[in-house]
Amino acid sequence: MAISALAAPISNAARAVIPSEVQQLIVVDYRSLNNYPTALALKDKLLPPALKEFETALRGAGINPEQDVEQLVFASFRVKDGMRVVGIAQGAFPGKKILTRLQAQKIKPELYHTAKIYPMAAGMSMNLLDASTMIFGDPSVIKTAIDTRDSSSASLNANPTMLDLMSGVETETVWSVLDKAGTNTMLKSALGDASELADYETIRKRLTGSRYKMNFNKGVGFDLDVITSDSITAAMLSSVLRAGVMFRKATANDSEKMALESVNVKSESKDLLVQFRSDDNKFESLLKSDLFAAIAK
């Protein structure tokens with residue numbers, strides 16, 4: 001329980017660089033994650049491929065991720081030609097040590113306004129906003145984040161829907177929020193053939209957003225909350241998702257079926273609730289199922 005208590009909301013510095021047109025946030029209490037074997041197994045299934053590249057890039061810059069990084073944020077946001085992802089690391093970064101090492105390697109930064117963008121390993125770049133906040137990703141994404149901070153465009157703080165979704169989950173070990181479009185994409189992928197049911201087309205237009213949280217204190221706890229416009233829609237979605245779980249069971253192997261038996265689907269007021277509670281072994285089986293992969297991504 002003491003480890004879980006370390007989880008903290010996204011800092012103001014991080015919020016300020018995330019564009020308001022955000023579709024999904026995935027936030028990880030990185031220090032806590034590394035204390036749970038099951039959570040470490042989750043990293044490959046849940047977190048963006050950029051995480052491994054980022055860890056490699058950090059070590060190349062003289063940073064020990066397990067010691068120096070406390071929180072990781074991955075934000076997917078819309079641009080004119082598609083989607084982009086910006087990564088934000090929170091921690092206690094030895095700024096002078098990093099810059100000295102980069103200079104010793106004769107790595108020169110690109111100056112963007114007053115910000116310095118340094119190339120890192122694995123094709124990534126980074127900018128140190130302050131002693132505890134680092135932006136990483138493609139150079140163009142970092143520039144967008146800097147423009148957002150400098151008020152050239154609205155930030156996450158100007159998106160009340162996403163902020164409301166965050167308020168219910170932001171102190172968990174791993175959590176995520178999705179906007180309306182992201183929620184629809186997630187549900188269609190999770191439901192598979194069940195998304196072709198006539199009821200789902202009606203439901204799709206009445207989605208508001210969704211969020212999930214995970215903790216690893218006693219086994220594994222996973223809670224998905226899909227917010228709809230009214231209680232009738234939530235009840236309809238509950239029925240459709242239960243059908244989706246049944247479809248998944250029909251094609252699952254024995255271990256996956258056992259894990260899916262621990263998935264509870266119900267509706268409360270305007271919300272659809274999907275809950276999973278199990279020991280570590282059963283969760284390992286759920287990790288392999290297409291249903292979990294669709295929801296968690």
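A few remarks follow.
- Here the chain has 51 percent of its accessible surface on carbon and sulfur atoms, given a 1.4 Å probe and all protein chains in place.
- Estimated from helices alone, the mean residue ellipticity of the chain at 222 nm is -12000 deg cm²/dmol (sum of -39500 (n - 2.57) over DSSP H runs with n ≥ 4, per residue).
- Taking every alpha-carbon pair under 8 Å whose residues sit at least 6 apart, the chain reaches a relative contact order of 18 percent.
- Beyond 16 Å, the tail of the calculated P(r) for the stretch 58-121 holds 59 percent of the Cα pairs.
- Net dipole in debye of the chain [+1 Lys, Arg Cβ; -1 Asp, Glu Cβ; about Cα centre; nearest 20]: 580 debye
- Per residue accessible area in Å² of the stretch 34-143, where ligands, DNA and RNA are left out and the probe is 1.4 Å: 49 Å²
- Accessible area in square angstrom per residue, the stretch 187-234, 1.4 angstrom probe: 42 Å²
- Residues D29, D199, D254, D147, ordered by accessible area of protein heavy atoms at a 1.4 angstrom probe radius and largest first, appear as D254, D199, D147, D29.
- Label-to-label distance, nm, for residues given as E110 and K266 (7 Å Cα→Cβ offset): 5.2 nm
- Cα pair count fraction exceeding 25 Å, expressed as % - the chain: 50 percent
The values are calculated or read from the model by the stated rules, or taken from the named source; none is laboratory data. The structure presented is a predicted model; accordingly, all values stated were derived computationally and were not measured. Using ideal geometry, Cβ is built from the backbone for each residue, glycine included, and neighbour counts are taken over all protein chains shown. All accessible areas refer to the heavy atoms of the entire protein, side chains included, with ligands and DNA or RNA removed. Shrake-Rupley method; radii C 1.70, N 1.55, O 1.52, S 1.80 Å.
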